[in-house]
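The values are calculated or read from the model by the stated rules, or taken from the named source; none is laboratory data. Because the structure is a prediction, the values reported are computed rather than measured. A quick note on method: Cβ atoms are made from the backbone with ideal geometry, for glycine too, and the neighbour counts reach across all protein chains shown.
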Amino acid sequence: MSAPCRLYLITPARLGDLAGFGHTLASALDAGDVAALQLRLKDVPEAVMAAAIDVVFPICASRGVALILNDRPDWAAKYGCDGVHVGQDDAPCAEARRIMGKDRTVGVTCHDSRHLAMEAAEAGADYVAFGAFFDTTTKDAPTRAEPDILTVWQETMQIPCVAIGGIIPDNCRPLVVAGADFIAASAGVWAHPDGPAVAVRQFNLEIAAGLAERAGAARH
(Lines give C-alpha, C1' and ligand atoms only; values in the text may rest on other atoms or scores of the structure.)
Protein backbone atom coordinates (compact mmCIF):
# COMPACT_ATOMS: atom_id res chain seq x y z
CA MET A 1 0.00 0.00 0.00
CA SER A 2 1.78 3.08 -1.22
CA ALA A 3 0.92 6.75 -1.90
CA PRO A 4 0.38 9.32 -3.44
CA CYS A 5 -3.29 8.29 -3.54
CA ARG A 6 -4.86 4.95 -4.33
CA LEU A 7 -8.20 3.20 -4.07
CA TYR A 8 -8.95 1.10 -0.98
CA LEU A 9 -11.94 -1.22 -1.42
CA ILE A 10 -14.14 -2.43 1.42
CA THR A 11 -16.36 -5.45 0.90
CA PRO A 12 -20.09 -5.48 1.60
CA ALA A 13 -21.02 -6.75 5.07
CA ARG A 14 -22.50 -9.86 3.43
CA LEU A 15 -21.01 -11.49 0.36
CA GLY A 16 -23.75 -13.97 -0.55
CA ASP A 17 -22.51 -16.56 -3.02
CA LEU A 18 -18.75 -16.65 -2.48
CA ALA A 19 -17.90 -17.93 -5.95
CA GLY A 20 -20.03 -15.22 -7.51
CA PHE A 21 -18.44 -12.53 -5.36
CA GLY A 22 -15.00 -13.84 -6.27
CA HIS A 23 -15.78 -13.39 -9.94
CA THR A 24 -17.08 -9.86 -9.33
CA LEU A 25 -14.03 -9.02 -7.22
CA ALA A 26 -11.59 -10.26 -9.85
CA SER A 27 -13.32 -8.17 -12.50
CA ALA A 28 -13.20 -5.08 -10.28
CA LEU A 29 -9.52 -5.50 -9.41
CA ASP A 30 -8.66 -6.00 -13.08
CA ALA A 31 -10.40 -2.73 -13.99
CA GLY A 32 -7.87 -0.38 -12.39
CA ASP A 33 -5.37 0.26 -9.61
CA VAL A 34 -6.48 -0.93 -6.17
CA ALA A 35 -4.15 -0.85 -3.17
CA ALA A 36 -6.11 -2.97 -0.72
CA LEU A 37 -9.28 -4.87 -0.05
CA GLN A 38 -10.72 -4.76 3.45
CA LEU A 39 -12.75 -7.89 4.17
CA ARG A 40 -15.52 -6.47 6.33
CA LEU A 41 -17.95 -9.18 7.39
CA LYS A 42 -19.80 -8.20 10.53
CA ASP A 43 -20.72 -10.64 13.29
CA VAL A 44 -20.00 -13.84 11.38
CA PRO A 45 -18.63 -17.13 12.74
CA GLU A 46 -14.97 -17.88 12.20
CA ALA A 47 -15.82 -20.61 9.68
CA VAL A 48 -17.67 -18.09 7.51
CA MET A 49 -14.76 -15.66 7.66
CA ALA A 50 -12.27 -18.43 6.88
CA ALA A 51 -14.28 -19.47 3.83
CA ALA A 52 -14.38 -15.89 2.59
CA ILE A 53 -10.64 -15.50 3.09
CA ASP A 54 -10.04 -18.69 1.11
CA VAL A 55 -11.89 -17.16 -1.84
CA VAL A 56 -10.66 -13.57 -1.84
CA PHE A 57 -7.06 -14.00 -0.68
CA PRO A 58 -5.70 -15.66 -3.85
CA ILE A 59 -7.60 -13.18 -6.03
CA CYS A 60 -6.00 -10.28 -4.17
CA ALA A 61 -2.54 -11.84 -3.92
CA SER A 62 -2.32 -12.57 -7.63
CA ARG A 63 -2.97 -8.89 -8.34
CA GLY A 64 -0.73 -7.37 -5.69
CA VAL A 65 -3.68 -6.16 -3.61
CA ALA A 66 -3.26 -6.27 0.18
CA LEU A 67 -5.98 -8.16 2.07
CA ILE A 68 -6.94 -6.33 5.26
CA LEU A 69 -9.29 -8.04 7.73
CA ASN A 70 -11.71 -5.87 9.65
CA ASP A 71 -11.97 -6.00 13.46
CA ARG A 72 -10.14 -9.25 14.24
CA PRO A 73 -6.33 -9.18 14.51
CA ASP A 74 -6.40 -12.72 15.91
CA TRP A 75 -8.10 -14.08 12.80
CA ALA A 76 -6.01 -11.86 10.51
CA ALA A 77 -2.82 -13.32 11.96
CA LYS A 78 -4.17 -16.88 12.03
CA TYR A 79 -5.15 -16.85 8.35
CA GLY A 80 -2.12 -14.95 7.11
CA CYS A 81 -3.86 -11.75 6.01
CA ASP A 82 -1.70 -8.81 5.00
CA GLY A 83 -3.15 -6.63 7.72
CA VAL A 84 -6.01 -5.73 10.03
CA HIS A 85 -8.19 -2.67 10.49
CA VAL A 86 -9.55 -1.89 13.95
CA GLY A 87 -12.11 0.61 15.14
CA GLN A 88 -12.17 2.53 18.39
CA ASP A 89 -14.33 -0.19 19.96
CA ASP A 90 -12.19 -3.11 18.74
CA ALA A 91 -8.80 -4.33 19.94
CA PRO A 92 -6.49 -1.41 20.84
CA CYS A 93 -3.94 -0.53 18.19
CA ALA A 94 -1.01 -1.62 20.36
CA GLU A 95 -2.64 -5.01 20.92
CA ALA A 96 -3.35 -5.38 17.19
CA ARG A 97 0.28 -4.55 16.47
CA ARG A 98 1.47 -7.15 18.99
CA ILE A 99 -0.72 -9.84 17.43
CA MET A 100 0.10 -8.95 13.83
CA GLY A 101 3.84 -8.47 14.30
CA LYS A 102 5.96 -5.69 12.87
CA ASP A 103 5.74 -6.65 9.19
CA ARG A 104 1.98 -6.61 8.63
CA THR A 105 -0.33 -3.63 8.29
CA VAL A 106 -2.42 -2.19 11.11
CA GLY A 107 -4.97 0.52 10.34
CA VAL A 108 -7.16 2.41 12.80
CA THR A 109 -10.47 4.26 12.51
CA CYS A 110 -10.04 7.75 13.96
CA HIS A 111 -13.35 9.39 13.00
CA ASP A 112 -12.85 13.18 12.84
CA SER A 113 -10.13 13.31 15.51
CA ARG A 114 -6.49 14.17 14.93
CA HIS A 115 -5.93 13.36 18.61
CA LEU A 116 -7.10 9.78 18.12
CA ALA A 117 -5.01 9.57 14.96
CA MET A 118 -1.87 10.75 16.72
CA GLU A 119 -2.46 8.22 19.50
CA ALA A 120 -2.83 5.50 16.86
CA ALA A 121 0.38 6.59 15.17
CA GLU A 122 2.22 6.47 18.48
CA ALA A 123 0.81 2.98 19.13
CA GLY A 124 2.21 1.67 15.86
CA ALA A 125 -0.53 2.16 13.26
CA ASP A 126 0.53 2.03 9.62
CA TYR A 127 -2.38 4.23 8.56
CA VAL A 128 -5.29 6.14 10.08
CA ALA A 129 -8.78 6.50 8.64
CA PHE A 130 -10.82 9.70 8.88
CA GLY A 131 -14.54 10.02 8.18
CA ALA A 132 -17.32 9.94 7.44
CA PHE A 133 -17.00 12.64 4.80
CA PHE A 134 -20.46 12.08 3.29
CA ASP A 135 -23.71 10.37 4.21
CA THR A 136 -23.23 6.61 4.21
CA THR A 137 -25.53 3.62 4.45
CA THR A 138 -22.70 1.11 4.82
CA LYS A 139 -22.34 1.64 8.57
CA ASP A 140 -23.45 3.96 11.34
CA ALA A 141 -21.08 6.91 11.17
CA PRO A 142 -20.92 8.75 14.51
CA THR A 143 -18.89 11.66 13.15
CA ARG A 144 -18.65 13.87 10.10
CA ALA A 145 -15.14 14.85 9.01
CA GLU A 146 -14.13 17.85 6.91
CA PRO A 147 -11.53 17.65 4.12
CA ASP A 148 -9.13 19.98 5.92
CA ILE A 149 -8.36 17.23 8.45
CA LEU A 150 -6.62 15.42 5.58
CA THR A 151 -4.63 18.52 4.68
CA VAL A 152 -3.46 19.17 8.22
CA TRP A 153 -2.55 15.51 8.69
CA GLN A 154 -0.61 15.44 5.44
CA GLU A 155 1.33 18.55 6.46
CA THR A 156 2.20 17.40 9.96
CA MET A 157 2.41 13.61 10.07
CA GLN A 158 4.26 10.87 8.21
CA ILE A 159 1.89 7.90 8.23
CA PRO A 160 -0.79 7.74 5.50
CA CYS A 161 -4.41 8.75 5.93
CA VAL A 162 -7.49 7.10 4.47
CA ALA A 163 -10.68 9.02 3.63
CA ILE A 164 -13.81 6.97 4.26
CA GLY A 165 -17.57 7.33 4.40
CA GLY A 166 -20.08 7.75 1.59
CA ILE A 167 -17.42 8.20 -1.08
CA ILE A 168 -18.38 7.66 -4.73
CA PRO A 169 -16.49 8.55 -7.91
CA ASP A 170 -18.39 11.84 -8.25
CA ASN A 171 -17.37 13.19 -4.83
CA CYS A 172 -13.90 11.78 -4.23
CA ARG A 173 -11.77 14.33 -6.08
CA PRO A 174 -11.84 17.07 -3.38
CA LEU A 175 -10.60 14.51 -0.83
CA VAL A 176 -7.68 13.62 -3.09
CA VAL A 177 -6.86 17.30 -3.50
CA ALA A 178 -7.10 17.80 0.27
CA GLY A 179 -4.42 15.18 0.86
CA ALA A 180 -5.93 11.69 1.21
CA ASP A 181 -3.38 8.92 0.64
CA PHE A 182 -6.17 6.40 0.09
CA ILE A 183 -9.82 6.70 -0.93
CA ALA A 184 -11.94 4.01 0.74
CA ALA A 185 -15.07 2.88 -1.05
CA SER A 186 -17.67 0.19 -0.45
CA ALA A 187 -21.18 0.87 -1.79
CA GLY A 188 -19.61 3.37 -4.18
CA VAL A 189 -18.14 0.36 -5.97
CA TRP A 190 -20.38 -2.64 -5.28
CA ALA A 191 -23.66 -0.73 -5.72
CA HIS A 192 -22.54 1.33 -8.72
CA PRO A 193 -25.34 1.31 -11.34
CA ASP A 194 -22.92 0.25 -14.08
CA GLY A 195 -21.15 -2.36 -11.99
CA PRO A 196 -18.02 -2.54 -9.81
CA ALA A 197 -15.53 -2.65 -12.68
CA VAL A 198 -16.86 0.62 -14.11
CA ALA A 199 -16.76 2.14 -10.62
CA VAL A 200 -13.09 1.21 -10.18
CA ARG A 201 -12.23 2.77 -13.53
CA GLN A 202 -14.12 5.94 -12.65
CA PHE A 203 -12.49 6.16 -9.24
CA ASN A 204 -9.05 5.88 -10.80
CA LEU A 205 -9.82 8.62 -13.30
CA GLU A 206 -11.02 10.94 -10.53
CA ILE A 207 -8.03 10.12 -8.33
CA ALA A 208 -5.65 10.92 -11.19
CA ALA A 209 -7.43 14.22 -11.80
CA GLY A 210 -7.31 15.05 -8.11
CA LEU A 211 -3.58 14.29 -7.93
CA ALA A 212 -2.95 16.56 -10.91
CA GLU A 213 -4.90 19.32 -9.20
CA ARG A 214 -3.01 18.73 -5.96
CA ALA A 215 0.33 18.94 -7.78
CA GLY A 216 -0.74 22.12 -9.53
CA ALA A 217 -1.73 23.73 -6.24
CA ALA A 218 1.61 22.71 -4.70
CA ARG A 219 3.52 24.45 -7.52
CA HIS A 220 1.70 27.67 -6.75
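Just a few scattered comments:
- Filter pass, A209 being loosely packed, with under 15 Cβ neighbours inside 10 Å, over 17 Å from the mean Cα position of the chain (by Cα) and more than 25 Å from D30 (Cα to Cα): no
- Filtered residue count, segment 64-82, keeping only those that are crowded, with 22+ Cβ neighbours inside 10 Å and either part of a strand (DSSP E or B) or more than 15 Å from the chain's Cα centre (by Cα) (or both): 7
- Qualifying residues in segment 91-120 (those that are in a loop (DSSP other than H, G, I, E, B), in contact (Cβ under 8 Å) with a residue 24 or more places away in the chain and charged (D, E, K, R)) - the one farthest from L175 (Cα to Cα): R104
- Summed over segment 85-107, residues that are under 14 Å from Y8 (Cβ atoms) and β-branched (V, I, T) total 1.
- Residue list for segment 1-59, restricted to those being in a loop (DSSP other than H, G, I, E, B), in contact (Cβ under 8 Å) with a residue 24 or more places away in the chain and touching a helix residue (DSSP H, G or I) at 6+ places or on another chain (Cβ under 9 Å): P4, C5, T11, P12, L15, A31, G32, D33, V34, L41
- Here segment 121-131 is the region considered, the condition is being hydrophobic (A, V, I, L, M, F, W, C) and either surrounded by 24 or more Cβ atoms within 10 Å (Cβ to Cβ) or touching a residue at least 40 places away in the same chain (Cβ under 8 Å) (or both), and the residue that is farthest from P73 (Cα to Cα) is F130.
- Contacts under 6 angstrom Cβ, first residue in segment 194-208 being free of Cβ contacts under 8 Å to residues at least 60 places away in the same chain, partner of a type outside the set (D, E, K, R) and surrounded by fewer than 16 Cβ atoms within 10 Å (Cβ to Cβ), 6 or more apart: none
Matching residues to (1) modelled with pLDDT under 95; (2) over 19 Å from V86 (Cβ atoms); (3) over 17 Å from the mean Cα position of the chain (by Cα); (4) β-branched (V, I, T):
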| position | (1), (2), (3), (4) |
| --- | --- |
| A132 | no, no, no, no |
| T137 | yes, yes, no, yes |
| A141 | yes, no, no, no |
| I159 | no, no, no, yes |
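Table: residues versus (1) in contact with a Leu (Cβ under 8 Å, 6 or more places away or on another chain); (2) closer than 17 Å to A35 by Cβ; (3) surrounded by fewer than 17 Cβ atoms within 10 Å (Cβ to Cβ).
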{"residue": "E155", "(1), (2), (3)": "no, no, yes"}
{"residue": "Q158", "(1), (2), (3)": "no, no, yes"}
{"residue": "C172", "(1), (2), (3)": "no, yes, no"}
{"residue": "V176", "(1), (2), (3)": "yes, yes, no"}
{"residue": "I183", "(1), (2), (3)": "yes, yes, no"}
{"residue": "V189", "(1), (2), (3)": "yes, yes, no"}
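- The condition of being basic (K, R) and touching a Cys at 6+ places or on another chain (Cβ under 8 Å) holds for only one of R98, R72, R104, that being R104.
- Residue within segment 156-171 that is acidic (D, E) and closer than 18 Å to P4 by Cα present: no
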